[in-house]
Amino acid sequence: MGRITNRGGIAKGEAEAMILDILEEGLGAADPFSSVKEALSGLAGYARSFGRIVVIGFGKASLGMALACEEALGDAISGGAIITPRGSIGGERPRGIEVLEGTHPIPSEMNLRSTERLLSISGGLSKGDLVITLISGGGSALFAYPAPGITLEDKGETTKLLLAAGATIRETNCVRKHISAVKGGQLARHIHPARVLGLILSDVVGDDLSSIASGPTSPDPSTYGDAWAILGRYRLIDRVPESVSRRIRMGLEGRIPDTPKPGDAIFEGVRNVIVANNMRALSAMAKRAESLGLRAMIATSYLEGEAREVGRVVGSIAKQIRYMGQPLGPPCAILFGGEPTVTLRGRGRGGRNQELALSTAISIAGLRNTWFASIGSDGIDGATDAAGAIVSGETFEEALGRGLDPMEFLEENNSHEILKELGCLIYTGPTGTNVNDLAILLVLE
């Protein structure tokens, strides 16, 4: 996994080849199979100390994670099932773990049926049993089971209203946890009294366990009161489906239990382990950069904000390196990870990585021997088939020479069209992992 499929078209010289090598190293470090296998090498004794071992999982990386479990634990696994995105199954499959499908990013009846199967497999076990739970990006949509009285449509409409109103992802997740039967620690409650070993591949900036796939095996610090306050803040109490406001009101009145909180006895038997994250990928990228003779520095794994504004910041760092030799002098590689956002203003196509690359290309215009690339580690950037893009200090002038104005394309959120025309797009196809975005600024002498 983790291979760039169009290297021949974009590796125009040594600099581009180095960037692609470094990005591939990051993708390799986020490989779900090797990450889980490495984690289980130190936990195999713990896992084998239980009577029955059941494996369940959900997310874009669940197939590779399940294969690693089988290789590490073999016949000790009693059975299990995972949910993967529809159409993503290919190649090797687990022998004793069922592979189910669900739609992503919008849940459907298929997701409900698959989730019911996971719940049936993981329920009714004893304290001497273990449920290994494989969690990765996309799991929140794939593992979907609304609370009683709420439909998938109700939940989807609530999510749309929150996002359209400007709610943050944490605020949106708070409400969604309280209209779900499995999120916010409720899967751990379902599995209890059996033990839980959560192996988690993080797609959340900062690795907040309660946020990854909406925290199905983690304590939820948020309450029905928080959810109600969020709906009130965005004036949505009377706009969300009646079933949603009714359930949250019931929670406020104490008529239904809240999501399990920190300190709840059910978590005494839960052990959650982050097996791969953005920082792991960036660390591998830094080592690869140094092996190529570059000075390397990880700027941040918390990159957030509007992609077009982040591009200006990246450009300012490039200028500081070129003109001042700080924070590193050329030849150097500055690495970034995280998840910028794009607020749609125009009618174009693109994704956060492509918009970030286009904005950076504008900001570094004219800088010699300077390149920048950014990709989504899952291989999918926005509603396109590209993972991201690579640009240089010459990209802006090249675009103008072809009669293309990068500023106009940026204003229309149309990064995909111009970067495709310029041959800047990076393709990997679905990588089977997700640890946020990976980016590199390369400045040579």
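Each value in this text was obtained by applying a stated rule to the coordinates, not by laboratory testing. Keep in mind it's a predicted model, so treat the numbers as computed, not measured. Note that we place each Cβ from the backbone using ideal geometry, even for glycine, and neighbour counts take in every protein chain shown.
In sequence order, the range 135-148 has phi-based couplings of 10, 8, x, x, x, 5, 7, 6, 9, 10, 8, x, 5, x Hz under the Karplus curve 6.51 cos²θ - 1.76 cosθ + 1.60, θ = phi - 60°, and Gly or Pro positions carry x. Ranking G379, V273, H178 by Cα position along the charge dipole of the chain, where only Lys, Arg, Asp and Glu carry charges on their C-beta atoms, puts H178 farthest toward the positive end.
The listed peptides 295-304, 425-434, ordered by packing as a protection proxy, come out as 425-434, 295-304 (highest mean of other Cβ atoms within 10 Å first). Springs join every pair of Cα atoms under 10 Å in this Gaussian network model of the chain, and among E242, E70, E394 the largest mean-square fluctuation is at E242. Couplings 3J(HN,Hα) for the range 45-52, derived from phi with the Karplus relation 6.51 cos²θ - 1.76 cosθ + 1.60 (θ = phi - 60°), are x, 4, 5, 6, 7, 9, x, 9 Hz, where x marks Gly and Pro. Here the chain is assigned +1 on the Cβ of each Lys and Arg and -1 on the Cβ of each Asp and Glu. Its dipole about the Cα centre then comes out at about 960 debye. Annotation note: GluC sites (Glu not before Pro) in the range 72-142 located in DSSP loop regions with a Cβ neighbour count of at most 16 within 10 Å are E92. Listed from fewest to most Cβ neighbours within 10 Å, the set W228, W371 follows the order W228, W371.
Selection among M110, A61, G26 by position relative to the dipole of the range 16-137 gives M110 as farthest towards the positive end (Cβ unit charges, Cα centre). Neighbour counts of C-beta atoms inside 10 Å place C332, C174 in the sequence C332, C174, starting with the fewest.
Here's how it looks for G338: its modeled amide H is under 5 Å from those of L303, D437, which are all 5 or more places away or on a different chain. So which GluC sites (Glu not before Pro) in the range 149-185 are both in a DSSP loop and have at most 11 other Cβ atoms within 10 Å of their Cβ? Nothing satisfies the criteria. When +1 charges are put on Lys and Arg Cβ atoms and -1 charges on Asp and Glu Cβ atoms, the dipole computed for the range 1-158 relative to its Cα centre reaches about 340 debye. V99 sits among other residues whose Cβ lies under 15 Å from its own Cβ, and their net charge, with Lys and Arg +1 and Asp and Glu -1, is +2.
Only lysine pairs 8 or more places apart or on separate chains count here, and in the chain those with Cα atoms under 28 Å apart total 27. Only Cα pairs under 8 Å and 6+ residues apart enter the sum, and on that basis the relative contact order of the range 299-374 stands at 44 percent.
Quick check on the range 1-119: take the gyration tensor over C-alpha atoms, sort the square-rooted eigenvalues as a ≥ b ≥ c, and tell me if it's rounded (a/c under 1.5), prolate or oblate. Verdict is oblate for the range 1-119. Per residue of the range 5-14, in order, report the coupling 6.51 cos²θ - 1.76 cosθ + 1.60 (Karplus, θ = phi - 60°) as ³J(HN,Hα) in whole Hz, putting x for Gly and Pro. So the Karplus estimates, Gly and Pro as x, are 7, 10, 3, x, x, 10, 7, 6, x, 5 Hz. Relative contact order of the chain: 17 percent, from C-alpha pairs under 8 Å at least 6 residues apart in sequence.
For the chain, adding -39500 (n - 2.57) for each run of n ≥ 4 DSSP H residues and dividing by the number of residues yields -11500 deg cm²/dmol at 222 nm. Residue order for L67, L197, fewest other beta carbons within 10 angstrom first, comes to L67, L197. Dipole magnitude for the range 288-341: computed about the Cα centre from +1 point charges on Lys and Arg Cβ and -1 point charges on Asp and Glu Cβ, it is near 300 debye.
Restricting the range 90-124 to trypsin sites (Lys or Arg not before Pro) that sit in a DSSP loop and have at most 13 other Cβ atoms within 10 Å of their own Cβ leaves R95. Between the amide H of G57 and those of A81, I82, I83, L134, distances stay under 5 Å, these residues lying 5 or more places away or on another chain, with hydrogens modeled in the peptide plane.
With the Cα gyration tensor of the range 192-317 giving a ≥ b ≥ c as the square roots of its eigenvalues, does the rule (a/c under 1.5 for rounded; else a/b larger than b/c for prolate; else oblate) give rounded, prolate or oblate? In terms of gyration-tensor shape, oblate. The length gained by stretching the chain between E109 and N369 to full extension, at 0.36 nm per residue less their Cα-Cα distance, is 88.4 nm. Maximal additional length on extending the T5-S49 stretch stands at 11.5 nm, based on 0.36 nm per residue less the C-alpha distance.
Protection proxy ranking for 138-151, 333-346, using the average of other Cβ atoms within 10 Å per residue and placing the highest first: 138-151, 333-346.
Distances between placed amide hydrogens fall under 5 Å for E306 paired with T341, all partners being 5 or more residues away or on another chain.
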